Structures are given as structure tokens and as C-alpha cells.
Amino acid sequence: MWFADSMPDGRPGNPLRLISSIVKGKSALMDGTASVGTGWVVHIVLSALFGMLFALVVPMFRNNGTVALAGGIYGALLFVANFLVIGEFWLDQFQMPNKPFELVIHVVFGHLLAVAFYSSGVRRHDAWISVGR
């Protein structure tokens, strides 16, 4: 809602409409055909793909602490790729979002990915905190 409020007209569905412009084109924002539903689908599919990509590298990490650190870094790298590279050179409508918010929320996404691996059973034998080992 912070991001939605920071956009020009402050409509709650604006972030998802912006995401729908990835498939519908920038003109969809101008002509009103950008869709909240399409934005949800695109965001869920991209999030799942990014999660699967992270899953490919998780087995290389030795413990949950490393997974947590990698998750935060991964989220920050997603922000850089999505907003500072792709948004700058290909999807200029992605220059509108509140970048500090986007950085924070993408780092949170990375940490949530890490937590998903904590409870998946794959790393269940690892301690959550390895202090004094």
C-alpha cells in the first residue's frame, strides 16, 4: 500500500497494473487496459521462477545461516536486475516505483525464500542458530 500510495493517483491496484504492463505493454497503463488479475498472474509466475532458480543454488550452502545471507543478497540482486537494469533499458515504466521500498521488499522476498528452505525438510538437521559451535 505504501507503493500504491506513492504513485500519482494512489489507486490500490496500481502495483499490479504496472506488473501487468510487462506482458500488455507500457501503453496498457495509458489506455486503462492494464489489469490487476494479469498483474497477479505475472507476479506469481515470476516469483515462482525466481524461487526455483534460488533452489538450484541452495544445496551448495553449508548451513541455514549461509542460506539466509544468500537469500537477502539474492533479493537485492533481483531488485538490481528488475529495476536498475531491465527497468532502465527495456521497461522504462519500471522507473516509476518507489525504489527504496522495492529494494526492501525484494530483500524480504529473498529471506522468505531462505525460510522456506529451513522448513522444507532438506535442511531440517541444521540448527536455526549456530552460536557456540
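Bear in mind these aren't lab numbers, they're just calculated from the coordinates by the rules spelled out. For clarity, every value in this text was computed on a predicted model and none was experimentally measured. Here the Cβ is made from the backbone with ideal geometry for all residues, glycine too, and neighbour counts use every protein chain on show.
Tabulated results
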{"read-out": "Simple label model, 7 Å out from Cα along Cβ direction - LEU77 to PHE101, nm", "value": "2.7 nm"}
{"read-out": "Contour minus Cα-Cα distance for HIS43 and ASN63 (0.36 nm per residue)", "value": "4.3 nm"}
